[in-house]
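Read-outs throughout are calculated quantities, based only on the coordinates presented, and are distinct from any laboratory measurement. Bear in mind that the values here come from a model prediction, so they are computed numbers and not experimental data. Here the Cβ is made from the backbone with ideal geometry for all residues, glycine too, and neighbour counts use every protein chain on show.
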Amino acid sequence: MSTLLSYRRIHVTSSTLDIISTIISQNPQDNRSELSRKICRRMQWIQPNGYLRDRVCRSLLLRLESAGYIKLPPRQNMPQQWRNTKRNVREFSIDTTNITATVRSIQPLRIAQVRRSPDEKLYEYLVRRYHYLGYCQPVGEHLKYIVYYRNRPLACFAFSSAPRHIGCRDRFIGWDQKKRQSNIHLLAYNTRFLILPWVTIPHLASHLLSRLCRRISEDWSCVYNHPLFFLETFVDTERFLGTCYKAANWLYLGLTTGRGKNDHTYKQNRSIKAVWGYPLCDDFRTRLCHVHE
């Protein structure tokens, strides 16, 4: 049976579309979120940790509607990108007194994984206010970290599901399309990296990257019930050199095309990014190139 549309390892066939359309037509009182959850349960779209793939399903439904396959009920809530701006943003009182020190003198540091914790809102506030890209709620698997010194935040990190296709990364790993589709969930992408502006500590960035690399696979397994074998990130070449990644033994893999994941023009439409990667185990290629039938 031919695939009508694919999104994040979900392949929609005519049979899948019939089930989705039936659920929508049989539940006219439901909003989009309720429909998404019912569709996930019916199709068994469930993460390894037992949670529904609800956000992925909602994005898939929008793509199906855009392609003319289904008609969703009117939107009842603000779009996600609007909710990520200033509506209902909690303010925090932060001590911004300058911290000037050495990595050794501020030990021990506490690195807290704050996803699904009370401190997640603090992470969102800090990134929204102090990161040049602002805050955007990740879709799919992701973890968020705050680094503390004596209960004062020093830095924030986020890791999310990896982009499905990056040419230089895929060549470095050596996998084909089938292997990539099977194992892309075993990679994570460092989406946010923020040293707060009142912190002046030489080599802090590379020190924290190294410590996170040693623990993130275990953290990911605790939340999502599977490990990670490879990390990656993009560095905007118009702003940064990637020095801290190099100092933390990350590997330079190459450059992006500057076209974005949904481009069909084959023309650059955004800044070129340097791609850096970090294998989390010696046999990462063997693990990532194994196809799970």
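Can you tell me the relative contact order of the chain? Whole percent, Cα pairs under 8 Å, sequence separation 6 or more. Don't jump to the answer; show the numbers that get you there.
Values: 416 pairs, mean separation 42.9, N = 293.
Averaging sequence separation for qualifying contacts and normalising by length gives 15 percent for the chain.
Out of residues 5 or more away from I46 or on other chains, whose amide H comes under 5 Å of its own, with H placed 1.01 Å from N in the peptide plane?
HN-HN under 5 Å from I46: R53.
Under a 5 Å amide H to amide H cut-off, with H placed in plane at 1.01 Å, what residues pair with L255 once short-range neighbours are removed?
Excluding prolines and chain starts, which carry no amide H, the hits are V275.
Put +1 on the Cβ of every Lys and Arg and -1 on every Asp and Glu Cβ in segment 101-288; which of V139, V127, P279 then has its Cα farthest towards the positive end of the dipole?
It is V127, whose Cα lies furthest towards the positive end.
Just grab the label-to-label distance for T257 and V139, each label 7 Å out from Cα along the Cβ direction, in nm (one decimal).
Modelled inter-label distance: 2.0 nm.
Using 0.36 nm per residue of separation minus the Cα-Cα distance, give me the extension gain between V291 and S15 in nm, one decimal.
Numbers: separation 276, 0.36 × 276 = 99.36 nm, distance 2.55 nm.
Answer, rounded to one decimal: 96.8 nm.
Determine the gain in length on full extension of the stretch Q177-R215; use 0.36 nm per residue of separation and subtract their C-alpha separation, reporting nm with one decimal. Spell out each step's value before the answer.
Details: separation 38, 0.36 × 38 = 13.68 nm, distance 2.87 nm.
Full-extension gain reported as 10.8 nm.
Can you tell me the FRET efficiency between Y51 and D283 if r is taken as the Cβ-Cβ distance and R0 is 41 Å, rounded to the nearest 0.05? Please list the in-between numbers first.
Numbers: r = 29 Å, r/R0 = 0.71.
For R0 = 41 Å, the calculated efficiency reads 0.90.
Using the structure shown, list the pairs from K121/K179; K144/K246; K178/K246; K178/K273 with a Cα-Cα distance above 29 Å, or answer none. Write down the numbers at each step before the final one.
Details: K121/K179 36 Å; K144/K246 22 Å; K178/K246 31 Å; K178/K273 26 Å.
Cα-Cα > 29 Å for K121/K179; K178/K246; rest within.
Using a basic spin-label model with each label point 7 Å from the Cα along Cα→Cβ, how many nm lie between R41 and R116?
Once both label points are built, they end up 1.9 nm from each other.
Counting helices only, and only those DSSP H runs with n ≥ 4, report the 222 nm mean residue ellipticity of the chain as the sum of -39,500 (n - 2.57) divided by its residues, in deg cm²/dmol to the nearest 500.
Value at 222 nm, helices only: -9500 deg cm²/dmol.
Step through the residues of segment 30-40 one at a time and calculate ³J(HN,Hα) from phi using the Karplus curve (6.51 cos²θ - 1.76 cosθ + 1.60, θ = phi - 60°), rounding each to whole Hz and writing x for Gly and Pro.
7, 7, 5, 5, 5, 4, 4, 5, 5, 5, 4
Determine the dipole magnitude for segment 101-288: charges of +1 sit on the beta-carbon of Lys and Arg, -1 on that of Asp and Glu, nothing else is charged, the reference point is the Cα centre, and the result goes in debye to the nearest 20. Each step should come with its number before you reach the end.
On the way: 29 positive and 14 negative charges, 39 e Å.
Dipole about the Cα centre, nearest 20: 180 debye.
Quick query: amide H of V114 versus all other amide H atoms, modeled in the peptide plane; which residues come in under 5 Å with a sequence gap of 5 or more or a different chain?
K144, Y145, I146
Quick one: what are the phi-derived ³J(HN,Hα) couplings along segment 205-213, Karplus 6.51/-1.76/1.60 with θ = phi - 60°, whole Hz, x for glycine and proline?
Rounded to whole hertz, the list is 4, 5, 4, 5, 4, 4, 5, 5, 4.
Mind listing the phi-derived Karplus ³J(HN,Hα) values for segment 5-14, rounded to whole Hz, using 6.51, -1.76 and 1.60 with θ = phi - 60°, and x for any glycine or proline?
With the stated coefficients, segment 5-14 comes to 7, 10, 8, 6, 6, 10, 10, 8, 9, 4 Hz.
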